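Accompanying notes for the structure given below.
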Amino acid sequence: MPALIDLRRRIRSVRNTQQITRAMKTVSTAKFRKSQRLVLESRPWWHTWPALVTRAAAWAGLQDHPLLARREEKRITGLVITSDKGLCGAFNSNLLAKTHEYFEAKARTAEVRLVLIGKKAESYFRRSGLPILRAIAERTDKIQAAEIVAVAQDLLQQYILQRTDAIVIAYNEFKSILAPRVTLRPLLPLASESEGAAAGSSSPDWEPELSAVLRSLLPAGLTLEVLHCFYESQAAEQAARMMAMENATQNAEELISRLILVLNKIRQASITKELLEIMTTVEALAK
């Protein structure tokens, strides 16, 4: 049986850990609310934008636009977004495992290069053997929107200059507080499901002309799409960390209860033993 002083030290240590997890949950909750607001505000536009652009491109006949070009996928660029820190359950491990499997399969038939955001992604893919074009691996929770925009514009430039034939974003999409959804989303080339329907429909009148609108809309929309994926990942990360810290706090409470129970049993056994020794001594003296 452990000594009483060892149990008291362990209970005190678990209580200190519980205070830390409770504080981390509070911080994550505040960050999650901010990230959730950014995500929910941009989702209506983000979900309707791809269909709008493909239909407008079909109306304008801009198939020769460099961002609408379709080529054989001989070179693929992947943008992987993770967190810098752990303590968020399987948030990073699930994403990295699925992403690695996807790009390993693509690497059999094409040249794959990666752009990484997050220390977890950088440390993981440094050991994978896949070439890394760029990595932002420090303080991604403090990263400014301008830095994400610069990354997006660099990716678009790679596509326009035909240095890559496809761009895929891998990130955790925020679906609920309980669990994020690992998402692999093609950024370029754009989906073309609506082109046939749009080509056969009448085009509305545009002022200024639709081709001029699209030349400005395409780069801006794709850049905002990358930014939205980053915000989705941030919201999912804080939700996952919030739940992980909540579970850790509850586990610490259960562990403290069990340790206190063991402590009380040891104290009761010690008191019973002392009483027996006193009674034995009294009976011996009485004889």
Residues in region 182-199: is at least one at pLDDT 90 or above and either part of a helix (DSSP H, G or I) or touching a Lys or Arg at 6+ places or on another chain (Cβ under 6 Å) (or both)?
-> yes
Kindly provide the set of residues from region 11-38 that are of a type in the set (A, V, I, L, M) and within 15 Å of Leu87 (Cβ to Cβ), ordered by number.
-> Ile20, Ala23, Met24, Val27
Selection count, region 113-137, where residues are closer than 15 Å to Thr99 by Cβ, in contact with a Lys or Arg (Cβ under 9 Å, 6 or more places away or on another chain) and either of a type in the set (Lys, Arg) or outside the structural domain of Lys98 (by TED's automatic domain parsing) (or both) | 2
Matching residues in region 59-113 - criterion: being of a type in the set (A, V, I, L, M, F, W, C) and under 27 Å from Ser211 (Cα atoms) = Trp59, Ala60, Leu62, Leu67, Leu68, Ala69
Does Pro66 satisfy the criteria of being in contact with a helix residue (DSSP H, G or I) (Cβ under 6 Å, 6 or more places away or on another chain) and surrounded by fewer than 18 Cβ atoms within 10 Å (Cβ to Cβ)?
-> yes
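Residues checked against (1) small (Gly, Ala, Ser); (2) within 32 Å of the chain's Cα centre (by Cα); (3) at pLDDT 90 or above; (4) under 30 Å from Asn92 (Cβ atoms):
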{"site": "Ala240", "(1), (2), (3), (4)": "yes, yes, yes, yes"}
{"site": "Met245", "(1), (2), (3), (4)": "no, yes, yes, yes"}
{"site": "Asn251", "(1), (2), (3), (4)": "no, yes, yes, yes"}
{"site": "Ser257", "(1), (2), (3), (4)": "yes, no, yes, no"}
{"site": "Ser270", "(1), (2), (3), (4)": "yes, no, no, no"}
{"site": "Met279", "(1), (2), (3), (4)": "no, no, no, no"}
Could you list, in sequence order, all residues of region 2-42 that are in contact (Cβ under 8 Å) with a residue 24 or more places away in the chain, of a type outside the set (Val, Ile, Thr) and either under 17 Å from Leu255 (Cα atoms) or out of contact with any helix residue (DSSP H, G or I) (no Cβ under 7 Å at 6 or more places or on another chain) (or both)?
-> Pro2, Leu4, Leu7, Arg8, Arg10, Arg15, Gln18, Arg22
Provide a single number: the residues in region 138-166 that are without any contact (Cβ under 8 Å) to a residue 24 or more places away in the chain and in contact with a Gly (Cβ under 8 Å, 6 or more places away or on another chain).
-> 0
Does Leu227 count as under 20 Å from Ala57 (Cα atoms), at pLDDT 80 or above and touching a helix residue (DSSP H, G or I) at 6+ places or on another chain (Cβ under 6 Å)?
-> no
Does region 23-33 include one or more residues that are crowded, with 17+ Cβ neighbours inside 10 Å, charged (D, E, K, R) and at pLDDT below 90?
-> yes
Might you let me know whether region 71-89 holds any residue that is in contact with a Phe, Trp or Tyr (Cβ under 9 Å, 6 or more places away or on another chain) and surrounded by fewer than 17 Cβ atoms within 10 Å (Cβ to Cβ)?
-> no
Out of region 138-165, which residues are touching a Lys or Arg at 6+ places or on another chain (Cβ under 8 Å) and surrounded by 15 or more Cβ atoms within 10 Å (Cβ to Cβ)?
-> Thr140, Val151, Thr164, Asp165
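The values are calculated or read from the model by the stated rules, or taken from the named source; none is laboratory data. As the structure is a computational prediction, the values presented were derived from the model and not from experiment. Using ideal geometry, Cβ is built from the backbone for each residue, glycine included, and neighbour counts are taken over all protein chains shown.
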